[in-house]
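Below: one structure, written as structure tokens.
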């Protein structure tokens with residue numbers, strides 16, 4: 001079995017630490033033959049690791065299309081607002097596409113991508129990796145088997161973690177909605193997708209509240225400075241200090257996303273000159289740091305979702321309430337308990353969550369995508385996270401943000417989709 005060849009657009013966090021390592025670990029399955037990445041350090045690193053020929057190393061995604069179709073698949077892990085155009089071009093050229101979430105920060109573009117995949121008869125798979133983790137897949141099996149009866153309600157909490165919050169959504173790439181996406185789409189479309197998948201029905205309406213509560217200038221402590229490293233008198237007692245987050249030898253778990261030079265001197269230089277050294281109260285961020293979403297589904301079932309950046313660590317906790325049973329789960333530990341009302345049983349399930357930050361879902365997602373590509377045309381195309389399957393969770397996210405911006409007013413998703421198509425919203 002020959003390895004599938006791939007063009008990688010974007011060698012940042014996902015490209016460098018998920019897709020690249022998969023090709024290293026399973027070279028008989030995936031061979032990255034081309035990369036497009038504007039950052040010279042990342043570009044050189046990926047090309048060296050994968051032995052990419054110089055003629056197939058590009059500084060922009062546009063250059064990757066100049067030779068036409070050169071591989072079996074295209075992996076698009078660029079920033080949110082650079083998803084739509086390359087994905088459309090890739091589908092037109094005949095690539096099967098693995099696309100980072102969200103598909104696009106515009107609902108109409110998400111709809112167009114679903115249509116393009118069908119029109120060009122290509123796979124377009126969205127990286128909703130949670131569906132592939134043993135934790136969520138195991139829960140889904142219980143629901144599909146009817147062990148909870150009819151689902152009446154789901155409660156899901158996403159603990160973003162204060163370190164992730166400040167790194168990515170205050171100082172980092174996803175801090176401004178107009179440059180990337182609203183927080184509910186950029187971070188939490190994973191969670192809305194899981195709720196949609198578990199519920200197994202159409203979401204009809206949403207309402208939402210949330211705001212930028214804490215990380216803003218008026219909350220800056222007296223004596224703080226523009227950068228944590230500029231003599232800030234409260235740095236040592238500030239929980240969000242960049243020095244505390246990025247100077248963590250020997251592994252430097254967060255600094256590796258900030259600079260290629262992980263020497264002490266390299267990290268200090270990045271803190272002095274780059275965006276990640278800024279005081280969290282003096283950045284140009286505008287995305288929310290907490291949000292709640294209420295959802296109603298066809299048939300009357302409901303769901304409630306809470307996202308917060310004010311937690312010690314990441315992880316998700318879920319409660320699923322049905323007419324015959326209940327499931328309580330903690331993704332962080334990989335453990336959930338099934339309660340059966342009829343017998344009074346409490347069945348605890350422990351899942352292997354090793355492998356990555358998504359409970360092992362990243363590797364399983366890539367493996368599933370490659371399998372679907374190999375079997376395409378010989379078996380029905382039914383990817384677990386196809387663009388068409390992902391569209392509802394995107395619609396839920398767009399509707400939730402519309403509601404949040406309008407004081408929590410309930411949004412009918414059918415009406416919202418029609419208004420979006422007509423250019424009214």
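Identify the single condition in (1) part of a helix (DSSP H, G or I); (2) touching a residue at least 24 places away in the same chain (Cβ under 8 Å); (3) touching a strand residue (DSSP E or B) at 6+ places or on another chain (Cβ under 9 Å) that residue 122 does not satisfy, given that it satisfies every other one.
(1)
Could you tell me which numbered condition residue 299 fails, if it satisfies all but one of (1) touching a residue at least 60 places away in the same chain (Cβ under 8 Å); (2) part of a strand (DSSP E or B); (3) surrounded by fewer than 21 Cβ atoms within 10 Å (Cβ to Cβ)?
(2)
Output the number of the condition that residue 146 fails; it satisfies all remaining conditions of (1) at negative phi; (2) surrounded by fewer than 16 Cβ atoms within 10 Å (Cβ to Cβ).
(1)
Looking at segment 316-425, what helices (runs of 4 or more DSSP H) fall wholly within it and have at least 3 residues that are surrounded by 22 or more Cβ atoms within 10 Å (Cβ to Cβ) and outside the structural domain of residue 208 (by TED's automatic domain parsing)?
Counting at least 3 such residues, we get 361-374.
Against the definition (part of a loop (DSSP other than H, G, I, E, B), within 30 Å of the chain's Cα centre (by Cα) and buried (at least 17 other Cβ atoms within 10 Å of the Cβ)), how does residue 260 come out, yes or no?
Here the answer is no, as residue 260 does not meet what is asked.
Within segment 280-296, how many residues are in a strand (DSSP E or B) and under 30 Å from residue 226 (Cβ atoms)?
So the count comes out to 2.
Given the conditions (1) buried (at least 19 other Cβ atoms within 10 Å of the Cβ); (2) part of a strand (DSSP E or B), and given that residue 270 satisfies all but one, which numbered condition is not satisfied?
Going through (1) buried (at least 19 other Cβ atoms within 10 Å of the Cβ); (2) part of a strand (DSSP E or B) one by one, residue 270 breaks only (2).
For segment 168-187, enumerate the residues that are modelled with pLDDT of 95 or more and buried (at least 24 other Cβ atoms within 10 Å of the Cβ).
169, 170, 171, 182, 183, 184, 185 - these are the residues of segment 168-187 that are modelled with pLDDT of 95 or more and buried (at least 24 other Cβ atoms within 10 Å of the Cβ).
Here is a check on your reading of the model: is residue 240 under 22 Å from residue 290 (Cβ atoms) and assigned to a strand (DSSP E or B)?
So residue 240 fails the test.
The values are calculated or read from the model by the stated rules, or taken from the named source; none is laboratory data. Remember, predicted model here, so these are calculated numbers, not experimental data. Methodologically, a virtual Cβ is constructed for each residue, glycine included, from the backbone with ideal geometry; neighbour enumeration extends over all protein chains shown.
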